[in-house]
Structures are given as C-alpha cells and as structure tokens.
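This report concerns only the one structure given below.
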Amino acid sequence: MRLHELYPFYEERKSRKRVGRGSGSGLGCTAGKGNKGQKSRSGASISPGFEGGQMPLQRRLPKGGFKNPFRVVYAAVNLDRLMDALPDSSDITLEQIYAAGFGKKGLPIKILARGGISRPVVIQAHRFSKQAAEMIRQAGGQPMPMEGTLRAADNE
C-alpha cells in the first residue's frame, strides 16, 4: 500500500450540502441564506468595492501620481560593450549600434563611460555622458551627437 492509495471510508466522507429540501433537512425554507436582503436573492453577487450605495473608498480617495508625456527614454550603451561588439570599426554609426542589438531602431541611444576605450573612434549617438565623451576624446576619437537632440548642458 502506498500513500496515494489511501482514501477515507465511505462513511467518513462528507456529503455535499443539499439546500432547499424541506425544513427537516436543516437547510430548507431560506436554504441557509437568512431572511430577505440582497444576498438572499437568487443570482446575488456584490462587487468587492460596493458599499451599499455609499461612495466607495477607492472613489473617495484622490488619484495620485503623474505620467510625464514628454519623457524621453534612452537605450544606455556602455563603452566596453560597444568596443567588444564592434572591434574593427573606426566610425561607429547609429545603424551599426542598432544592428548590434543595443536598442530598437528609432530608440535614442546614450553612450555611458563604463569600461575603457583604447583606440581612436568616431561614435555617433543621440547623447553622451560627460565621462564617456571625455574618454573618447582622450583616446583620440570624437563623440558625434545627433543634431537637435542635445540640451545646452550636454555640449560641454
């Protein structure tokens, strides 16, 4: 005999509740639903937030939060990953960055300074962190920001 073969005897099994079968059954008359009221009716179901007609809590409280419609999300690309993915290129364009899988086509790209750069490379991207731009210049390369996407603080 195994554990999954065990089962209770027939007498020990609980029989299902049979409602509305006469007053002698204990669940006749109102069938265990009490007297009158919305929950005693057939098909009664009350939604979880319902408070009997009173203004529900989730509608009494003020809405919170703010979604900025002008927010720009950049695909962040670190220098070390970019150099590993494109080891032979001296000019790295946006098309090469997208083709290497660093972001969906059309998503703005921002170059970050993690890792290092040892060779002169001209990199085209929408934005550069200050450290990344400085590292590219120190290696003899040039960061090429896309026109019209930079703020005044990013041109330094």
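Computed from the coordinates by the stated procedures, all read-outs in this text should not be read as laboratory data. Given the structure is predicted, the values throughout are model-derived calculations rather than measurements. All Cβ positions, even for glycine, are placed from backbone atoms using ideal geometry, and neighbour counts span all protein chains on display.
Scan around PHE128 for amide H atoms under 5 Å from its own, H built in the peptide plane at 1.01 Å from N, and keep only partners 5 or more places away or cross-chain.
ILE111
Two-decimal Rg/Rh of the range 17-87 from alpha-carbon positions, Kirkwood Rh?
That ratio is 1.55, to two decimals.
Kindly list the residues of the range 53-89 that lie in the label zone of GLN131, defined by a backbone N under 20 Å from the point 7 Å along the Cα-to-C-beta vector.
Under 20 Å, as judged by backbone N against the label point of GLN131, lie 74-85 of the range 53-89.
Length gain on complete extension for the stretch SER90 to LEU3, per 0.36 nm per residue less the alpha carbon to alpha carbon distance?
The SER90-LEU3 span can extend by a further 24.4 nm.
Please say if the range 1-121 is rounded, prolate or oblate, where rounded means a/c under 1.5 for a ≥ b ≥ c the square roots of the C-alpha gyration tensor eigenvalues, and otherwise the choice is prolate for a/b larger than b/c and oblate otherwise?
Cα axes put the range 1-121 in the oblate bin.
Counting helices only, and only those DSSP H runs with n ≥ 4, report the 222 nm mean residue ellipticity of the chain as the sum of -39,500 (n - 2.57) divided by its residues, in deg cm²/dmol to the nearest 500.
For the chain, the value works out to -4000 deg cm²/dmol.
How large is ³J(HN,Hα) for each residue in the range 90-96, as worked out from phi by the Karplus curve 6.51 cos²θ - 1.76 cosθ + 1.60 (θ = phi - 60°), to whole Hz, x for Gly and Pro?
Calculated HN-Hα couplings, in order: 9, 10, 10, 9, 4, 4, 5 Hz.
Tell me the label-point distance for the pair TYR98, GLN142, using the 7 Å Cα-to-Cβ offset, in nm and rounded to one decimal.
Rounded to a tenth, the inter-label distance reads 2.3 nm.
Report the relative contact order of the chain, percent, no decimals, based on alpha-carbon pairs under 8 angstrom and at least 6 residues apart.
Relative contact order of the chain: 14 percent.
Work out, step by step, the length gained on full extension between LYS39 and SER23: first 0.36 nm times the residue separation, then minus their alpha carbon distance; give nm to one decimal.
Contour length minus Cα-Cα distance gives 3.7 nm.
Name all residues of the range 70-87 having a backbone nitrogen under 11 Å from the label point set 7 Å from the Cα of LEU107 along its Cα→Cβ direction, giving them as ranges.
Within reach of a label on LEU107, which here means backbone N under 11 Å from a point 7 Å along Cα→Cβ, the range 70-87 contributes 73-77.
By counting other Cβ atoms within 10 Å of each Cβ, how are THR93, THR30 ranked from fewest to most?
THR30, THR93
Return the long-range amide H neighbours of GLY141 (sequence gap of 5 or more, or a different chain), with a cut-off of under 5 Å between placed amide H atoms.
VAL121
Let me check against my output: what whole-number percent is the relative contact order of the range 75-147, with C-alpha pairs under 8 Å and at least 6 apart?
32 percent
Quick one: order TYR7, TYR98 by neighbouring beta-carbon count within 10 Å, fewest to most.
TYR7, TYR98
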